[in-house]
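The structure appears right after this line, and notes come after that.
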Amino acid sequence: MSPPQIARVALDLPLRRLFDYRVPDGERLSASDIGYRVLVPFGRQRKVGLLVELSSGSDLPPEQLKALDSVLRELPPLPADWFRLTEFCADYYHAPLGQVMLSTLPAGLRAVAPVKRRPPRRGPPAAAQRSPELTAEQQASLAAIGAAGAGFHAYLLHGITGSGKTEIYLRLIERALAGGQQALLLVPEINLTPQLEARVAARFPDAGLVSLHSELGDAARSRNWRAALTGEARIVLGTRLAIFTPLPDLGLIIVDEEHDVSFKQQDGIRYSARDLAVFRARQRAIPIVLGSATPSLESWANATATAGRGRYQLLSLRERAVRGARLPTVQCIDTRLDKPQDGLSSALLRAIDERLARAEQSLLFLNRRGYAPVLACAACGWTSHCHRCAANLVLHLADRCLRCHHCGFEARVPRACPTCGNQDLSAFGRGTQRLEAVIAGHFPQARVLRVDRDAASSRKQWEALVARIHSGDADILVGTQMLAKGHDFPKLTLVGAIAPDAALFAADWRAPERLFAQLMQVAGRAGRAERPGEFLIQTQFPEHPLYAALVRHDFPSFAATQLEERQQAGFPPYAHQAMLRAEAPQMATALGFLRSARACASVAAANSVVFYDPVPMRLARRASLERGQLLVESPSRRALQRFLAAWMPELETIKSPSRLRWHLEVDPLEF
Ligand code: ADP
Ligand code: ZN
Ligand code: ZN
C-alpha cells in the first residue's frame, strides 16, 4: 500500500500557516497538480484554496485530517514564479501567506461556485498604428537597454513630461512581443489613463491587450486574469494589483510614474507594487523599466552615482519629443507684493485674461476639494467638526452638505449655528468649488469647468470631462492633482498653482518630494503642442530652493538636496522603517498595546533596530477610533526584516481587548 498523501493548502485566513488535507482514497496527486485551486471543507463551510505542497505526512493525527473535496482543473495551475512572488510578498510584508495568495486572485476565482468559461472578447482586427521616428535621446536609451542583453536589469527612465517615455515603453513591448514574451505595464491609476490604454491597443491590435484594475467588474477581471494565465493576452496593463497577474511568458515589466504613492496599497496587505515589480523582474531574470519625470528619491538614489549605489541604470530624456515643443516657463508670483484677492493675484488674473483673448485654455491647480475646509460661527466659536474624527467637516456647497473627507460622514449645511443660533456662518479657507465660483465672478463670459473627485467620481464622468476639455468646450479649468497626470490638452497654455506653500513646511518630511512632483506634473500640462506654455506659482516664498529648482526644471539638483538632507537626518532611503499602528475606542488602549509591543521587542533580535516612542497618529481619531503608532527603524534592511520576523509572532501573543486592531506596515510612506 502506498503511503498516505497529504495536500498542503493555502486558505484566505489570517493565520501564518498552511492547512493539511488528506487526498481522498483512490486518488493520487502529482507535482503537476501543485498550483491548482482546490475545494476543501472548513468548519461547516467549504472554501477555495490553493494546493501549495504535497507531502507524505502531517503533524496532525490521521483521524483529525479531513479529506479535500476536489481539485479544480478548469484553469491552468498557477506557475512556480507566481508562488515565489506571493511568498516573497508574505515574507517581506509579514502577512499571512494564504491571505496574500488568495486575496490577489479575482473574486470570481475565489468563490466556491464553478468558474464559467468566460469567452475572450476581441474587438475587430485593426491595423497597427505606425510608430514615429525616434529622437536621438530615445534611440540612445533603447540602445542602452538593448546592449545590456538578457537577464535582470533595472532601468530608471527619467524623462521630462512629453519627452517620449511612453514611446520607449511601446518599443520595448514590441521587442518583447517579437521574442514571444508577455509584457506587464503598471500605471498608477487606470481611471486617469484611458489614453494610454488606447495608445497601446492601437499599436498592438493583435496582442490581446487586457487591463486589470479595481474598477473592472468581477466577470471582466476574472476573464482578463485568465487570459494572462493562459497566455492569450500578451500585454497586461494594470494598476498595483496587476503585479500579481500570473504571466507564464513574462519578459518585460514597466512601471510608469514609478514615484506615485498609489503603487502602495494602504490597507489590508500593505505592499508596494513597484518594489514587488523589481523583485519579480530579478527573480524572472528579465528587464524592468521604472519611468518618471520626478522619480521617487528611493529610486533616484538607486540610480545615481552620488549615492554610490548604481543598482539601477539611469537613462535620461531632457527634451520634448515633438520637434519645437518647449517646456513651459516657470515663474513665481510673490504674494507678499501682489496680494491675492479671493485667492487670485493680479498677475494671474492678467494671464488668464490674455488666454481668454487668444481663445486658449487656462488651468488653476488647487489640491483641495469642496468649497471651504471649515464652516464657523464668529459669534460663539463653533466650527464644523466631525464628531467621529479629529478633523473638520468640509463645506460642499455644490450639494449643500458638510462632509468628512476621512470617514465619509455627511450632514446638511445648518441654516444657523447649532450652538448659538447665529444665522451668519462663515466659510474659512478655499477649495476648488469656491475657486470655481470666484473665477466665474471674475470672468462671466468664460466657460469654467471644475475637475476633481467630486465632479469625476467614476471613469465615465472622468472621460466625459476629458472629452469636453479636448473639444475646447471649456476656457478655464479648476482642478486638483487629478488633472495633473498624463494628459495632452493642446489648447492649454497657462497653469497657475494657487496655494502650494503649505506643503513646504508640512510635518511630513516627504511633503516637499510630493509637492515637487505634483507641480512638475501639472506644469507639464501647459504647452505640449506647438504653443509654448506658462506656469505661474503664487507663493510667499519665491526664493525657496524647491521653487528655484522648479523654475530651472532641475529635478536632479532638487533630488540631490533632498537626499543630502535625508542622509543627515537618517531618513529613508538611508534608513529602513516599519510602522506598527493600533486603533481602539480609547487612545490609552492603543498606546498601551504599542508599549507592550515595544516591551516584548527587547529580544536579542532588536540589535541595530531603533524604537521611537508610541505616539498618537496625526489624525488621532478616525471613524470613532483613536489611533497610535510606533515607528521602528534600522540602517540595515536585513536587520529590520530579521527583527520583524521575530517580533510578529510575539505581537500576536499580546493580550489585548477585542476592540483593538493593529497592523504592521513595512516601508511606510505616510505618517
Ligand atoms: P511622455 O510619456 O514622456 O510624457 P510621450 O511618449 O507621451 O511622452 O510623448 C509625448 C508626445 O510626443 C506624444 O504626443 C507622442 O506621440 C510624441 N512623440 C513621442 N516620441 C516621438 C518621436 N520620436 N517623434 C515625434 N513625436 C513623438
Ligand atoms: Zn454660534
Ligand atoms: Zn469623520
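The values are calculated or read from the model by the stated rules, or taken from the named source; none is laboratory data. Quick caveat, the model's predicted, so the values are computed rather than measured. A quick note on method: Cβ atoms are made from the backbone with ideal geometry, for glycine too, and the neighbour counts reach across all protein chains shown. Accessible surface areas use protein heavy atoms only, side chains included; no ligands, DNA or RNA. Shrake-Rupley method; radii C 1.70, N 1.55, O 1.52, S 1.80 Å.
Here are the numbers:
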read-out	value
Asp399, sole failed condition from (1) acidic (Asp, Glu); (2) under 25 Å from Phe428 (Cβ atoms); (3) assigned by TED's automatic domain parsing to the domain that holds His487	(3)
Residue check for Arg430: away from ligand 3 (no atom under 16 Å from the Cβ) and either in contact (Cβ under 8 Å) with a residue 24 or more places away in the chain or among the aromatic types (Phe, Trp, Tyr) (or both)	yes
Filter result (open to solvent by 40 Å² or more (accessible area, probe 1.4 Å) and either at negative phi or within 16 Å of ligand 3 (Cβ to nearest atom) (or both)) within region 161-196	Arg171, Glu174, Arg175, Leu177, Ala178, Gly179, Gln181, Glu189, Gln195
Hey, Ala588 farther than 23 Å from Val261 by Cβ and either out of contact with any Ser or Thr (no Cβ under 6 Å at 6 or more places or on another chain) or open to solvent by less than 10 Å² (accessible area, probe 1.4 Å) (or both) or not	yes
Residue list for region 238-264, restricted to those being among the aliphatic types (A, V, I, L, M) and assigned to a helix (DSSP H, G or I)	Leu241, Ala242, Ile243, Val261
Among residues of region 12-23, those that are over 18 Å from Glu652 (Cβ atoms) and touching an Asp or Glu at 6+ places or on another chain (Cβ under 8 Å), counted	1
Filter result (open to solvent by 70 Å² or more (accessible area, probe 1.4 Å) and outside any strand (DSSP E or B)) within region 418-429	Pro418, Thr419, Gln423, Asp424
Looking only at region 405-417, and only at residues there that are assigned to a loop (DSSP other than H, G, I, E, B) and exposed (fewer than 14 other Cβ atoms within 10 Å of the Cβ), the one that is farthest from ligand 1 (Cβ to nearest atom)	Ala416
Sole exception among (1) surrounded by 18 or more Cβ atoms within 10 Å (Cβ to Cβ); (2) in contact with an Asp or Glu (Cβ under 6 Å, 6 or more places away or on another chain) for Phe671, by number	(1)
Any pair with Cβ under 7 angstrom, 6 or more apart, that starts in region 574-587 at a residue that is over 17 Å from Leu640 (Cβ atoms) and ends at one that is aromatic (Phe, Trp, Tyr) and open to solvent by less than 30 Å² (accessible area, probe 1.4 Å)	Ala582/Phe593
Ala517 vs. criteria closer than 26 Å to Pro668 by Cα and without any contact (Cβ under 8 Å) to a residue 40 or more places away in the chain	no
Inter-residue pairs, beta-carbon under 8 Å, first without any contact (Cβ under 8 Å) to a residue 40 or more places away in the chain and in region 324-343, second hydroxyl-bearing (Ser, Thr, Tyr), 6+ apart	Asp338/Ser345; Asp338/Ser346; Lys339/Ser345
Qualifying position, being in contact with a Lys or Arg (Cβ under 8 Å, 6 or more places away or on another chain) and either surrounded by fewer than 19 Cβ atoms within 10 Å (Cβ to Cβ) or hydrophobic (A, V, I, L, M, F, W, C) (or both), among Val236, Val261	Val261
Pairs with Cβ under 6 Å, 6+ apart, first in region 74-96 and under 18 Å from Ala242 (Cβ atoms), second charged (D, E, K, R) and modelled with pLDDT of 95 or more	Asp81/Arg284; Leu85/Arg280
Residues of region 363-395 that turn out to be among the charged types (D, E, K, R) and either within 15 Å of ligand 2 (Cβ to nearest atom) or more than 18 Å from Asp454 (Cα to Cα) (or both), as a count	1
Meets criteria (part of a loop (DSSP other than H, G, I, E, B) and either more than 15 Å from ligand 2 (Cβ to nearest atom) or farther than 21 Å from Pro500 by Cβ (or both)) for Gln433	no
Residues that are in contact (Cβ under 8 Å) with a residue 60 or more places away in the chain and either surrounded by fewer than 18 Cβ atoms within 10 Å (Cβ to Cβ) or over 25 Å from Pro512 (Cα atoms) (or both), drawn from region 655-667	Ser656, Pro657, Arg659, Leu660, Arg661, Trp662, His663, Leu664
Residue check for Arg284: among the basic types (Lys, Arg), touching an Asp or Glu at 6+ places or on another chain (Cβ under 7 Å) and more than 14 Å from Pro573 (Cβ to Cβ)	yes
Residue match in region 558-574 (condition: open to solvent by 60 Å² or more (accessible area, probe 1.4 Å), in a strand (DSSP E or B) and modelled with pLDDT under 95)	no
Subset of region 512-541 [assigned to a loop (DSSP other than H, G, I, E, B), buried (at least 21 other Cβ atoms within 10 Å of the Cβ) and of a type in the set (Gly, Ala, Ser)]	Gly524, Ala526, Gly527, Gly533
Residue, farthest from the chain's Cα centre (by Cα), within region 403-430, restricted to residues that are more than 14 Å from ligand 2 (Cβ to nearest atom) and of a type outside the set (A, V, I, L, M, F, W, C)	Arg412
Pair list, Cβ under 6 Å, 6 or more apart: region 531-545 residue closer than 11 Å to Ile498 by Cα, other residue open to solvent by 70 Å² or more (accessible area, probe 1.4 Å)	Leu536/Gln331
Any pair with Cβ under 6 angstrom, 6 or more apart, that starts in region 37-64 at a residue that is among the basic types (Lys, Arg) and ends at one that is assigned to a loop (DSSP other than H, G, I, E, B)	Arg46/Val112; Lys47/Leu11
Region 367-397 - residue that is open to solvent by 70 Å² or more (accessible area, probe 1.4 Å) and within 24 Å of Gln538 (Cβ to Cβ) and, of those, farthest from ligand 1 (Cβ to nearest atom)	Arg368
Selection within region 51-85 - surrounded by 13 or more Cβ atoms within 10 Å (Cβ to Cβ) and aliphatic (A, V, I, L, M)	Leu51, Val52, Leu54, Leu60, Leu65, Ala67, Leu68, Val71, Leu72, Leu75, Leu78, Leu85
In region 182-200, residue farthest from Glu463 (Cα to Cα) [restricted to those that are out of contact with any strand residue (DSSP E or B) (no Cβ under 9 Å at 6 or more places or on another chain) and among the hydrophobic types (A, V, I, L, M, F, W, C)]	Ala198
Residue match in region 432-439 (condition: under 27 Å from the mean Cα position of the chain (by Cα), more than 16 Å from ligand 1 (Cβ to nearest atom) and buried (at least 20 other Cβ atoms within 10 Å of the Cβ))	yes
His158 vs. criteria modelled with pLDDT of 95 or more, surrounded by fewer than 22 Cβ atoms within 10 Å (Cβ to Cβ) and either hydroxyl-bearing (Ser, Thr, Tyr) or under 25 Å from Arg240 (Cβ atoms) (or both)	no
